[in-house]
Amino acid sequence: MSTTTPPKAIDGAIGYADERFAIAGFLRAKSKKVFGDHWSFMLGEIALYSFVILLLSGVFLTLWFKPSMSEVVYHGSYTKLNGVSVSEAYDSTLRISFDVRGGLLMRQIHHWAAVLFLASTMVHLLRIFFTGAYRKPREINWLIGIVMFTIAILEGLFGYSLPDDLLSGTGLRITQGVLQSIPLVGTYLFYFAFGDAFPGHDFIPRLYTIHVLLIPGLLLALVVAHLMIMWFQSHTQFPGKGRSNNTVTGKAFFPVFLIKTNAFMLFTFAVIAGLATFAQINPIWLFGPYTPDSITAGSQPDFYMGFLEGALRIMPNWETNLWGHTVSWNVMIPALVPLGLIMTGAAVWPFIEQWATGDRKIHNFADRPRNAPFRTAVGMTTVAFYGLLWLAGGNDIIADKFHVSLYATTWFFRFTIVIGPVIAFFVTKRICLGLQGKDADVLHHGVESGKIMRLPNGEFIEVHEPASEEEAAVLQGKDLLPAPELEEAEDENGVPAPSARGPLGKVRKNLNRAFAPDEVSVDGHGEGHHETGPHDDEQLASDGVETGGGKAISRH
Amino acid sequence: MKWITAWRRRPWAGYAVVLAALAIIGVAYAGVSPRTDQAQASDAAASQQDVAKGKALFNQACSSCHGANAEGTKNAPSLLGVGAASVDFQVSTGRMPAMNLGAQVPRKKPIFNEEQTRQLAAYIASLGGGPGVPSKDQVNPDTGDAAMGGKLFRANCAQCHNFAGSGGALTGGKYAPPLDKATPRQIYEAMITGPQAMPVFNDTTVTPEQKRAIIAYVTQTRAEPNPGGSGLGRVGPVAEGLVGWLVGIGLMVVAAVWLTAKKPKKKQQND
């Protein structure tokens with residue numbers, strides 16, 4: 001940072017605050033906080049700023065929305081529904097859309113912001129996962145993120161259900177089915193939540209309170225905690241020249257990062273406002289009011305619930321009758337299993353990784369995904385699982401728009417939901433190892449320079465130049481976990497340690513092996529190897545990447 | 001060709017090649033694939049009595065599948081008693097004569113003109129039975145109650161044709177077609193004859209007045225502009241999710257990459 005005095009405007013303002021709150025020292029210290037500079041580090045900010053927009057536009061909507069299921073006759077500007085009996089919730093949403101100035105725009109801003117909020121939460125979560133940024137010391141913040149993601153999905157579902165349009169009601173009908181499918185307590189849970197036979201008069205007001213008060217409050221508190229922890233722990237960074245695990249490299253909070261993040265906030269506002277202006281979302285006047293006897297083709301939830309919808313669509317119709325009670329596997333499994341697998345799996349993953357690798361070190365470096373093949377492969381397995389369910393949720397639209405048979409799509413997804421993730425695992429792992437091999441190759445042999453040289457014996461070779469210092473630093477920045485071995489897995493006689501015995505011990509040992517078996521070494525650099533020019537045949541042959549199926553490259 | 005040599009090493013060269021290849025394949029495919037909607041009209045002309053003329057047309061264009069006397073074959077059903085409305089619907093929407101028999105015969109440009117369609121309908125009607133072609137007054141959308149039509153549509157039609165009549169998928173490769181092109185008369189005929197996968201909504205299930213209301217709803221809905229911007233095909237949240245990810249997240253990622261981009265190092269000019 002420059003040593004010149006700050007501009008008068010800033011100096012004055014800080015001076016004013018300092019004289020009253022003695023804040024200059026605090027600000028001086030905090031303004032030097034350094035933030036990493038990589039595009040993927042900004043994904044979480046999209047969620048943050050979408051959340052701000054959600055709060056603001058949501059407040060606007062509460063001024064007119066009436067969370068009531070009382071029946072009224074619609075007489076408003078949308079003449080095609082004139083004289084139709086609708087609920088007050090639907091009526092007031094139509095009023096916001098057609099009779100309140102700017103109401104439709106605000107509704108659409110609110111809804112697009114919700115879509116962007118959940119979408120950016122997902123990409124942010126994936127970024128954290130694939131770079132291993134959830135590792136010690138950031139496990140708690142990871143957990144907070146998972147909790148926020150889960151309740152944000154619920155928040156979205158509740159918001160989608162409030163206007164009492166045809167799709168809302170269909171979604172609530174499924175919610176009812178899910179509640180009732182829970183064995184033993186299902187019926188009680190349903191009546192506790194709905195208070196009456198479906199749809200009843202109680203549920204919409206209850207949803208409303210949860211949607212506008214409880215969950216936003218929780219989210220706000222968790223967002224603050226999330227950011228404060230992030231600030232306190234500092235951001236992770238990718239390996240690079242002159243970076244270490246104990247220092248943070250990047251731009252100072254003030255002024256560079258502050259300007260960038262403000263610009264990014266304005267970008268978020270602009271994209272959401274642009275979408276809300278040019279793309280219609282949730283046209284409840286076209287859907288019509290909900291009546292239990294109506295349903296429409298293309299009844300889908302918003303995208304973040306799509307994977308549950310897909311699970312429901314491809315689930316075989318299994319039910320068992322036990323002692324006069326029906327257990328609805330056909331609803332219970334798709335409603336609870338995928339969500340449970342993904343969310344619980346994500347929540348416990350950091351601890352599984354610690355347990356399996358025995359790695360309790362502090363990690364301030366973000367891994368490049370290729371350098372953790374097992375983790376990356378597991379991540380892609382989950383992405384494939386989620387993605388296929390998500391696609392299956394739109395199978396009727398896919399069937400209609402791409403002219404394929406609807407049942408064919410159902411069967412396709414029934415098989416691929418099992419096979420797809422397995423393929424994703426192995427393909428991802430091979431790609432990671434291949435990329436590691438490529439990195440090692442660049443380090444050992446340099447970069448193709450495009451220069452062709454002819455040797456005295458007539459042979460043509462391409463001259464390789466050594467990787468630049470910056471590039472080499474990135475490639476060597478692989479977190480050289482000394483292939484995290486379990487301490488004392490076996491004694492000198494080959495007897496496994498007590499901790500490695502038993503089924504749990506075996507699982508741990510296998511997981512441990514999965515995490516680090518085929519690492520490609522990158523530290524052979526600079527051991528007197530010729531970086532430029534030709535290398536002889538025996539060096540090429542000893543290069544294990546091509547021949548050894550991704551096993552460790554020998555040092556040479 | 002020096003520019004190729006220079007360009008092929010650019011970072012975007014690979015993407016450009018893939019894009020160009022996709023474009024070429026797409027154009028080639030579009031050129032090669034058969035055009036179902038550009039069938040040649042058969043040149044049947046002249047005017048006699050409607051029935052006689054209709055029979056002549058039938059012999060020419062329909063009898064190979066439906067049989068010489070419309071009694072049906074193993075490829076196509078009997079047309080005895082289907083009535084004029086059915087013929088008018090199938091022929092005026094271009095579905096008949098069919099080009100090839102798939103799960104469902106698609107709408108295409110009609111092969112017969114209005115007069116020929118009337119003649120064909122007259123011939124089939126003369127074989128006995130079936131609903132007739134509705135009058136102009138019966139299908140007039142201006143006299144229908146769109147609000148009631150909307151309620152009826154959501155209860156009876158939206159489950160297949162979607163809330164805005166955008167169409168939807170059915171079982172076994174069949175589909176409920178979008179209602180963007182169907183004329184009021186065709187909508188009415190479809191309801192009383194139940195073409196292909198569609199059930200029959202006879203006058204006791206849905207009265208003629210209610211049919212007119214549904215027609216009013218369909219025609220008003222498709223003519224109605226989208227107040228919120230692009231309608232995104234009016235297919236519901238799937239399209240919205242797609243746009244949110246591709247446009248929303250896409251633009252935000254571009255913004256993030258732009259904001260964090262490093263300034264390219266300028267080449268040292270002097271020293």
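Simple point charges give the picture: +1 on the Cβ of Lys and Arg, -1 on the Cβ of Asp and Glu, and for the protein assembly as shown a dipole about the Cα centre of about 1160 debye. Taking the fewest neighbouring Cβ atoms within 10 Å as the starting point, the ordered list for A:Phe415, A:Phe254, A:Phe385 is A:Phe415, A:Phe254, A:Phe385.
Taking 2.2 N^0.38 Å as the expected size of a compact globular protein, what ratio does the Cα radius of gyration of chain B give against it, to two decimals? Intermediate values should be presented prior to the final figure.
On the way: Rg = 26.6 Å, N = 271, 2.2 N^0.38 = 18.5 Å.
Working it through for chain B, the quotient is 1.44.
With 0.36 nm allotted per residue and the present C-alpha distance subtracted, the A:Ile362-A:Glu319 stretch has 10.6 nm of extension available. In this calculation the C-beta distance from B:Ala103 to A:Arg513 is compared with R0 = 41 Å, giving a FRET efficiency of 0.20. The Cα center of the stretch B:211-264 and the Cα center of the stretch A:397-460 differ in position by 32 Å.
Neighbour counts of other Cβ atoms within 10 Å put A:Met453, A:Met69, A:Met148 in the fewest-to-most order A:Met453, A:Met69, A:Met148. Modelled this way, with points 7 Å down the Cα-to-C-beta line, the labels at B:Arg10 and B:Thr204 are 7.3 nm from one another. Relative to the longest principal axis of the Cα atoms of chain A, the long axis of helix A:8-21 makes an angle of roughly 70 degrees. Cα centroid separation, the stretch A:283-308 to the stretch B:63-87: 40 Å. The Cα center of the stretch A:310-379 and the Cα center of the stretch A:168-218 differ in position by 25 Å. Helix A:139-161 versus the longest principal axis of chain A: what angle, 0 to 90°, nearest 10, using Cα atoms? Approximately 30 degrees, to the nearest 10.
Work out which trypsin sites (Lys or Arg not before Pro) in chain B are exposed loop sites (DSSP not H, G, I, E or B, at most 11 other Cβ within 10 Å) and give the longest gap free of them. Counting only loop sites that pass the neighbour cut-off, the longest clear stretch is B:182-261.
If both residues of a DSSP beta bridge must be in the protein assembly as shown, then about 90% of such bridges are antiparallel.
Under 10 °C and 1.306 mPa s, how fast does the stretch A:341-412 diffuse according to Stokes-Einstein, given a Kirkwood radius computed over C-alpha pairs? Answer in µm²/s, whole number. Before the final figure, lay out each step's value.
Numbers: Rh = 15.0 Å.
The diffusion coefficient I find is 106 µm²/s.
Take the Cα pairs of the stretch B:116-271, get the Kirkwood Rh, then feed it into Stokes-Einstein at 10 °C and 1.306 mPa s and tell me D in µm²/s. In µm²/s, the coefficient is 83. Stretching A:Val337 away from A:Ala17 to a fully extended chain increases their span by 109.8 nm, per 0.36 nm per residue minus the current alpha-carbon distance.
The angle between the Cα long axis of helix B:184-193 and the longest principal axis of the Cα atoms of chain B comes to about 60 degrees, rounded to the nearest 10. Annotation: the residues B:Val206, B:Val139, sorted from fewest to most other C-beta atoms within 10 Å of their own C-beta, follow the order B:Val206, B:Val139.
In the frame of its principal axes, the stretch B:141-223 has Cα extents of 37, 28, 21 Å, reported largest first. Given R0 = 25 Å, the distance between the Cβ atoms of A:Glu71 and A:Arg173 translates into a calculated FRET efficiency of 0.85.
Residues whose amide H comes within less than 5 Å of that of B:Gly167, counting only those at least five positions distant or on another chain, are B:Asn162, B:Leu179 (H built at 1.01 Å from N in the peptide plane).
When we measure straight from the Cα of A:Lys451, which lysines land under 25 angstrom away, once same-chain ones fewer than 8 places off are left out? List returned: A:Lys438, B:Lys2, B:Lys265, B:Lys266, B:Lys267. When Rg and Dmax are taken over the Cα atoms of the stretch B:44-126, they come to 11.7, 36 Å. Sparse packing (at most 15 other Cβ atoms within 10 Å of the Cβ) combined with a DSSP loop state is found for the following GluC sites (Glu not before Pro) in the stretch A:292-383: A:Glu319. In the stretch A:274-316, which chymotrypsin sites (Phe, Trp or Tyr not before Pro) are in a loop and have at most 11 other Cβ atoms within 10 Å, using DSSP for the loop call? Answer in residue order: no site qualifies.
Among the listed pairs B:Lys53/B:Lys151; A:Lys8/B:Lys262; A:Lys33/A:Lys136; B:Lys74/B:Lys136, which are separated by more than 32 Å between their Cα atoms?
Numbers: B:Lys53/B:Lys151 43 Å; A:Lys8/B:Lys262 30 Å; A:Lys33/A:Lys136 21 Å; B:Lys74/B:Lys136 36 Å.
Long pairs (Cα-Cα over 32 Å): B:Lys53/B:Lys151; B:Lys74/B:Lys136.
Applying D = kT/(6 pi eta Rh) to the protein assembly as shown, where Rh is the Kirkwood radius over alpha-carbon pairs, T corresponds to 10 °C and eta to 1.306 mPa s, the Stokes-Einstein value obtained is 50 µm²/s. Put a dot 7 Å past the Cα of A:Ala193, heading toward its Cβ, do the same for A:Ile259, and the two dots end up 5.0 nm apart.
Readers should treat all values here as calculations from the given coordinates under stated rules, not as data from a laboratory. Everything quoted here is computed from the prediction, not taken from an experiment. Note that we place each Cβ from the backbone using ideal geometry, even for glycine, and neighbour counts take in every protein chain shown.
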